[in-house]
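Here is the structure we will look at.
Read-outs: derived from the displayed coordinates by stated rules, not from any lab. This structure is a prediction, so every number in the text was calculated from the model and none was measured. A quick note on method: Cβ atoms are made from the backbone with ideal geometry, for glycine too, and the neighbour counts reach across all protein chains shown.
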Amino acid sequence: MARSRSLYRVLAALIAIGISGVDESQTLLLRSRRARQGGSIREHVDGEKSRSWSAVNLTSSSAGLKSWSLDDLAKYLRTGFSPRAGTFGPMNKVIANSTSKLTAGDVRAVATYIKSLPQGGEAATPVTPELMAPGEAIYRDRCQKCHGASGRGGIFTGPPLAGSAIVQAEDPSSLINVILYGAGPSKGISLGAWETMRPYADVLGDSEIAAVANYLRGNWGHHASRVDADLVGKGR
Ligand code: HEC
């Protein structure tokens with residue numbers, strides 16, 4: 001009995017994490033298979049407006065959660081914060097309403113399941129060095145202070161961007177949103193000693209945001225695809 005209840009809760013949490021914008025009419029099975037490798041979600045903002053987000057690749061691919069330990073993942077799901085990343089965007093609700101309510105044992109079971117997923121995801125045509133170059137100075141001036149020249153972040157400043165699944169996601173919507181709108185957790189969740197990331201929508205133009213995104217997507221051994229300024233414009 002206890003076992004099946006715990007299994008049910010683990011499944012419910014996985015479905016919550018896998019909110020990947022896959023068509024509602026698709027079966028649960030398809031939904032979860034697709035969700036593991038990332039996908040797109042639409043979030044309603046006010047009135048008619050909606051915003052696109054991407055769910056990260058949950059597999060152990062280097063563009064997914066390879067750099068996350070089991071402990072990192074369990075801590076993130078339970079508290080909204082780990083040395084690898086903090087929550088923002090649609091994950092705020094998932095963590096506040098769902099995974100933070102699970103027992104430590106159930107969260108560990110979810111994390112163990114996620115860490116067992118075989119590597120997966122689309123092979124991208126990587127951004128070229130020419131496209132990456134213009135973003136370097138923007139990164140140095142605006143981002144390096146918290147995320148570090150090496151992209152490894154800092155205990156008192158912000159999470160690592162080298163190896164980040166958000167940075168390398170096939171659909172760059174969440175990466176664009178973090179830069180446009182900044183990143184903050186929901187109320188009651190603490191990101192340790194990190195500073196708050198401000199929005200850059202009023203500071204950087206579309207092409208500057210695309211440039212810095214491309215710098216991140218090709219640097220530190222990443223092979224993610226290019227981001228166009230048009231897509232940044234759509235995210236505003
Ligand atoms: C004042 C410190 C600070 C600065 C400056 C800053 N960030 Fe951040 N950044 C953070 C913090 C803290 C988080 C985690 C926030 C959260 O999870 O709610 C974060 C999160 C991110 C993430 C999500 C990473 C992940 O894997 O979850 C990306 C991408 C990012 N920042 C990119 C940038 C870029 C690009 C710039 C420059 C334009 C920048 N940041 C400037 C502090 C900063």
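Details
- In a fully extended conformation the segment linking Leu117 and Lys93 would gain 6.3 nm over its present Cα-Cα distance, using 0.36 nm per residue.
- Here the contact order of segment 129-235, divided by its residue count and restricted to Cα pairs under 8 Å and six or more residues apart, works out to 34 percent.
- Label-to-label distance, nm, for residues given as Lys49 and Ala193 (7 Å Cα→Cβ offset): 3.6 nm
- A DSSP coil position with no more than 13 other Cβ atoms inside 10 Å describes the following trypsin sites (Lys or Arg not before Pro) in segment 140-206: Arg152, Lys187.
- For segment 103-195, applying the loop criterion from DSSP together with a ceiling of 14 other beta carbons within 10 Å to the GluC sites (Glu not before Pro) yields Glu122, Glu195.
- Note on segment 129-235: Cα-only Rg and Dmax are 13.1, 43 Å.
- Measuring between their Cα centroids, segment 167-221 and segment 40-67 lie 13 Å from each other.
- Among His223, His44, His147, sorting on how many other beta-carbon atoms sit within 10 Å of each Cβ, with the fewest leading, yields His44, His223, His147.
- In segment 75-168, a dipole from Cβ-located charges (positive for Lys and Arg, negative for Asp and Glu) runs towards its positive end, and of Ser98, Tyr139, Gly163 it is Ser98 whose Cα lies farthest in that direction.
- Loop-located chymotrypsin sites (Phe, Trp or Tyr not before Pro) across segment 134-236 with a Cβ neighbour count of 11 or fewer within 10 Å are Phe156, with loop assigned by DSSP.
- Neighbourhood charge, 13 Å Cβ-Cβ cut-off, centred on Arg198 and excluding it, Lys, Arg +1 and Asp, Glu -1: 0
- For segment 116-122, 3J(HN,Hα) computed residue by residue from phi via the Karplus equation (6.51, -1.76, 1.60; θ = phi - 60°) reads 8, 5, x, 3, x, x, 6 Hz, glycine and proline entered as x.
- Partners of Lys66 within straight-line reach, counting lysines whose Cα lies under 21 Å from its Cα and excluding those fewer than 8 residues away in the same chain: Lys75, Lys115.
- A simple spin-label model places pseudo-atoms 7 Å from Cα toward Cβ; at Arg42 and Lys234 they are separated by 1.2 nm.
- Candidate lysines for bridging to Lys49, where Cα separation is under 25 Å - those fewer than 8 sequence places away on the same chain excluded: Lys93, Lys187, Lys234
- Net charge contributed by nearby residues that have their C-beta within less than 12 Å of Ser52 (K/R +1, D/E -1): +3
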